[in-house]
Amino acid sequence: MASKFGLAGGIPERRVRPIWDAIDSRQFKNALKHSTSLLSKYPNSPYALALKALILEKMGKSDEALSICLNAKELLSENDSVLMDDLTLSTLQIVFQRLDHLDLATSCYEYACGKFPNNLELMMGLFNCYVREYSFVKQQQTAIKMYKLVGEERFLLWAVCSIQLQVLCGNGGEKLLVLAEGLLKKHVASHSLHEPEALIVYVSILEQQAKYGDALEILSGKLGSLLMIEVDKLRIQGRLLARSGDYAAGASIYQKILELCPDDWECFLHYLGCLLEDDSCWSSDVDSGPIFTQQFVNCKVAHLAEEVFDFRITNALSFLEKLKADANSKFIRCPYLASLEIERRKHLYGKENHDEIMGALMQYFHKFGHLACFTSDVEMFLQVLTPDKKMDFLEKLIESINTKTTELTKVLGQSTTIFKMRELIGDVYKLPVFELEHSAIKMVETYCETLPLSKDLDPQESMHGEELLSMVCNVLVQLFCCTRHLGYLMEAIMVLEFGLTIRQYVWQYKILLVHLYSHLGVISLACEWYKSLDVKNIMLETMTHHILPQLAISPLWVDLSNLLKDYLRFMDDHFRESADLSFLAYRHRNYSKVIEFVQFKERLQRSNHYLLAKVEKSILQLKQKADNIEEEEGVLEDLNHGIHCVELTNEIGSKTLTFNEDLHSRPWWTPTPEKNYLLGPFEGISYCPKENLIKEREVNIRRVVERKSLLPRLVYLSIQSTPSIKKSVGVNGSASETKISKEFKFLLERYVEMLGSSFRDAIELVKGVSSGLKSAEGFGSDIIDWMNFAVFLNAWNLNSHELSQPDGGGLWQALDALLEKHILEKTRSIGSLVCSPSDSFSSLVQLITEPLAWHLLVIQSHVRFCLPSGKKKKKGGLAEQSTPLLSNAARDSIHSLCGMVEEVANWIREQISRPEDEIVDATLSSFRRNEHDEGPGKVFQILERLLSQIDKDELGDRICQALKSWNPVDVSRKIAIGNSMVLSEFLCICESKMKSLRALKQQIAQA
C-alpha cells in the first residue's frame, strides 16, 4: 500500500501498516482503534477517513461507513490542498462498491481525472470504474485517452475490446468494428503488434466483419509468428478458410491438425465439414439455449453429386485408416468415432449402409466397450438405425463378450455397457414384469460378484461396476410404474442406501435418492442427501433444480429459505464481483476472457432459474408472515408493495431467458423439474429425448415465472381493497381506490391469461366449480393457481362490487365452499403418508399456505376495517348498515376456515402419533417376501445373501466393515423419522393459522 516515497495517501506508511495488518487478520475492533488514533493526528486526510469507512463497512456499520466516505469525497472535491492519489480513491472505491454506490466512486475518479488530466494511474482507476459499471462507451473513450497519452499497445487493445463489447453485449452497431479495425491498422503500420492476444483480437475484428481474406493475410505475414503454438494458428486458419468458402484449403489445414492431434474430435468434424462443403459446424449457436443439451452434429450432404460425395468419403476413410495405424494408442478414440460419423453421413445422404454402421459400432465396442463413456459416445449414431437393427446390434454385443478372458475389469465394463445399451435402446422397458425383475437381479448379482475387484481402491475412487446399482434402481422404478406397487420404490431406496454405505461419494446414487424421497414426501431426507452433494459456486445454478421445486411446495420453510439465500447470495456476489475478473483480464492482457466474462455474466442474469428464485424468495417471505397482517404489511413494504416483482415480470417480456440446468443428471422418470412420470398414467416412456422436453419447457416456463411474479402485488392489493367496502352501499370511491380497483382487475386479467383463460370465463369456472355445476377438472394441474385467483377475485370484488349479488357476500361464500371442498377432499384422500405419493400431500400444503393464507389476510384486513380499535362508528347512514352484513360474512368464513384447518391438524397429529415401529414394519414388509412370492423383494434378497456371506479376505477390510454397518431397519427408521419431521413442520404452520383465526373470533366476539 505504501508509495515509493514511504507515504500512503499522504500519511507515513509506518502509521498505516498496523491498520492494514489488523484488517487482513480480521481484527476489526483493533483496526478501528488504530484508525481513530490516526484520524486524531490527520483529521482532514481523505485516506484516513477512507480507511475508517472500510473498517466500519466490514463491521456491518454501513450507514456510518457511507457517511464517512461522503465526508472524504467532499474533502477531495472542495480542498485543493488535499492529496488526491489513486490509493485514496481506490480505497474509497472499495467501500462505495461494497455499499452499492459505484456511481459515487466513479464521480470521485472523474473529478480527479478532470483535475489531473495527464495522470495515467488515475485514468486507469477511472477505466476500472467504467468496467464495473459496464459502461462500454466510456471505457472506450478513457482507453483512447490513455493510448494517446503514452502510446502503449495495451491501451489501444482496451479500447478495441470495449468496442467489441458494445457490438456483442451493448447497443453498438457493427459500424463500430470498422473504427476498431482502423485503430489497429494504424497502430500496426507505426508500431506493429507484440502480443499474441493482440493478434487474436485483430483477427476476431476482421472475422466479425466477414473479412476472412484480410485475416488470413495477416496470419500468413510477420504478425502470424506471434502465435507460438502451431496447432492454434492452424485452427484459426482452418476456420477462416472454411468460413470464406475455400473448403479444399480448409480440409488440408484440418488434416494437418489431425496428424498432430489425432484425438481432436471437433477438428475432425470441421475436417469433414470442409470435405463435404458443409458450413453447419460454423453456424452461430443461440446464446440462450440450454448448455447441457446433447450436441448432435447438424450437417448438410444432399447438395453434392453422388460421384463427388463418394470420392471425398473414400478419401476421408483412407485418411482415417492412416490415423489409426499411426496413432498406436489404446486411449485415442477419435479415429474410430470418426468412422462412425462417416457412416452416419453416408446414411443421411441416402446410402443403405446399416451393416456398415453396425460393423463400425462393433469395432468401437471391441476397442472401447469397457469404458463408461461408450454409451454416450454412440448414442447419436444409434439414432439412424431402425428398431430391428438396434436389436440386432444388441444381440451381437451380447455374443461378442469373451467371458474367458483374464481381464475381469474389461468384462465387467463390457457387461455394464450392454446393460446401459439395453436401457438406451429401450429394450428393458418393453419387457414384461418377470423379465424386468430378472434383468434387475442379473445386474445386482453382477455387482455383488465383482465387489472384490474394488477391494484395494481408495474410498474416493470410483468402484468397478458401481453404475449397475443406478440401473437397478431405474428398473425397479420402472416396475413400480408398471405395477403401482410401492414396494419397488422402497426396494430401490434400499439398493441405493446400500451402495452409499459401501462408498459414500457416488453422486448419482444421491441424486436418485433425492428424487425418490421427494416423491414419497420424505422431503427432509431428500434435503439431507442434497446437502451431502456439497453443491456450491456455479453448480448452484446447474444443480439446484434437483431440490428447489420440491422444497418450494413443502412445509420445510427454513430449508427452503437457506437454499434460496445461498443461491441468490452466490449469484448476486458474482454479479457484483464479475467486473473484477474483467478488469483482471484487461490487466493481464487476456482480452478474449474479458468478452467471455461479460457474456457469462449476462447469461446468468437472464437465467430462468435466477428469476424464479427471486420470486420464490418473495413468496416465501409472504407465506411466513401471512398469519399476522401487520407483519405481512412490513414484508410487503420491504418488497415495495410487490411492485418490484411486477417490474420483474415486465422485464421478462423483453428478455431471452437462458436455461443452464444440467438436465442430463436427472433420473429418467423426471426429465425436467415440471415432469414426473411416477405420478401416472404411465405410457411405457423410458428413454425420452430430452431435447424435445426442453423445447416444451421453454414455452411454459416464462408463463410460470410471470404468474408467480404477480402474487406479491396481488396480495398487497387484496389487503388494500377491503377498506373501501363501505362504497358498495352508495358512497363514491376515492380516486386512489378506483385506481386500486383498475390495477387489481388488470393484474387478475393477466393472471388468468397465463392460465389459458379469459377473465369472464375464469369467473364462470370458479363459480361453477364452487357450486358443483362444473367439475374441478376444469382447473387442470394448476389447481393452486386457480384457487389463488378465486381468493384475489373475491378481494377485488370487495372493492369494486362488480360481481355482487342481491343478497350480498355470494362470491365470499363460494370461495369458502371452494376451499373447504378441496382441502377436506385432499386431507381425507391421503390416508397414511408413508404409503402415498407426495403429490396429494404437497397440494394440501400449498392449499393451506397459499390460497387459505391469502384469504386469511383478506379477512384480517376486513375485520380491522369493520372493527377499528378505538374509533367510534358514525350513527345512521348506509355505511353503518354495511358493517353487520359484511361482518357476518367474515364470521362465517372464519368459522369455516377454523373447521378446515382443525381437521387438517387432527389428521397430522394422527399421523405423527403412529408408533415408529409400526411405520418401520410397514416399510420393510412392502418389499420383504418369501423367495417364491411375486412382487418386490427379489433384488433385496440378493443383498441379504451377500451380507450373510461376507469374506474379509476376498472383499477387504473397508468393504467388509461397510457391509457389516448396513442395516435396512436403520434405513426404514430414518424414513419414519424424516416423515414425522415433515409432518411436524406442517403442524406448526396449521397451529399458527388456528391461533390467528381464534384471535379473530375473539376480536369479533368482543366487538
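Any idea how many residues of segment 340-365 are open to solvent by less than 60 Å² (accessible area, probe 1.4 Å), free of Cβ contacts under 8 Å to residues at least 12 places away in the same chain and in a helix (DSSP H, G or I)?
Adding up the residues that qualify gives 1.
Do you know which residues across segment 147-163 are farther than 20 Å from D580 by Cβ and crowded, with 16+ Cβ neighbours inside 10 Å?
Passing the criteria: Y147, E153, L156, A159, V160, I163.
Which condition number does R98 fail, the rest of (1) closer than 30 Å to Y47 by Cα; (2) surrounded by 21 or more Cβ atoms within 10 Å (Cβ to Cβ) being met?
(2)
Out of R973, R909, R998, R958, report the one residue that is open to solvent by 50 Å² or more (accessible area, probe 1.4 Å) and more than 38 Å from the chain's Cα centre (by Cα).
The match here is R998.
Could you tell me which residue of segment 498-557 is nearest to Y488 (Cα to Cα), considering only residues that are aromatic (F, W, Y) and open to solvent by less than 10 Å² (accessible area, probe 1.4 Å)?
Selected residue: Y517.
If you go through segment 227-240 one residue at a time, do you hit one that is basic (K, R), modelled with pLDDT of 90 or more and open to solvent by less than 60 Å² (accessible area, probe 1.4 Å)?
Yes, there is a match, as at least one residue in segment 227-240 is basic (K, R), modelled with pLDDT of 90 or more and open to solvent by less than 60 Å² (accessible area, probe 1.4 Å).
Is it the case, given these coordinates, that L66 is under 13 Å from L99 (Cβ atoms) and either small (G, A, S) or open to solvent by 10 Å² or more (accessible area, probe 1.4 Å) (or both)?
Spelling it out, L66 is indeed under 13 Å from L99 (Cβ atoms) and either small (G, A, S) or open to solvent by 10 Å² or more (accessible area, probe 1.4 Å) (or both).
Return yes or no: is N128 in contact (Cβ under 8 Å) with a residue 24 or more places away in the chain, open to solvent by less than 20 Å² (accessible area, probe 1.4 Å) and under 30 Å from A53 (Cα atoms)?
It is true that N128 is in contact (Cβ under 8 Å) with a residue 24 or more places away in the chain, open to solvent by less than 20 Å² (accessible area, probe 1.4 Å) and under 30 Å from A53 (Cα atoms).
Taking segment 665-675, which residues are open to solvent by 10 Å² or more (accessible area, probe 1.4 Å), at pLDDT below 90 and either farther than 17 Å from S607 by Cβ or in a strand (DSSP E or B) (or both)?
K675
Of the residues that sit in segment 285-328 and are modelled with pLDDT under 75 and small (G, A, S), which one is nearest to K601 (Cα to Cα)?
S288
Of the residues that sit in segment 165-203 and are without any contact (Cβ under 8 Å) to a residue 24 or more places away in the chain and closer than 19 Å to Q599 by Cβ, which one is surrounded by the most Cβ atoms within 10 Å (Cβ to Cβ)?
If we take residues in segment 165-203 being without any contact (Cβ under 8 Å) to a residue 24 or more places away in the chain and closer than 19 Å to Q599 by Cβ, then L176 is surrounded by the most Cβ atoms within 10 Å (Cβ to Cβ).
Any residue in segment 524-545 that's closer than 13 Å to N562 by Cα: show its pairings with residues that are of a type in the set (D, E, K, R) and surrounded by fewer than 23 Cβ atoms within 10 Å (Cβ to Cβ) at Cβ separation under 7 Å, as long as the two are six or more apart or on different chains.
Partner pairs satisfying both residue conditions: C527/D559; L540/D566.
Out of (1) modelled with pLDDT under 90; (2) under 28 Å from P262 (Cα atoms); (3) of a type in the set (D, E), what's the single condition that is false for E343?
Unmet for E343, out of (1) modelled with pLDDT under 90; (2) under 28 Å from P262 (Cα atoms); (3) of a type in the set (D, E): (1).
The values are calculated or read from the model by the stated rules, or taken from the named source; none is laboratory data. None of the values given here were measured: they were computed from a predicted structure. Backbone-built Cβ (ideal geometry, glycine too); neighbour counts: all protein chains shown. For accessibility, only protein heavy atoms count, side chains too; no ligands or nucleic acids. Shrake-Rupley method; radii C 1.70, N 1.55, O 1.52, S 1.80 Å.
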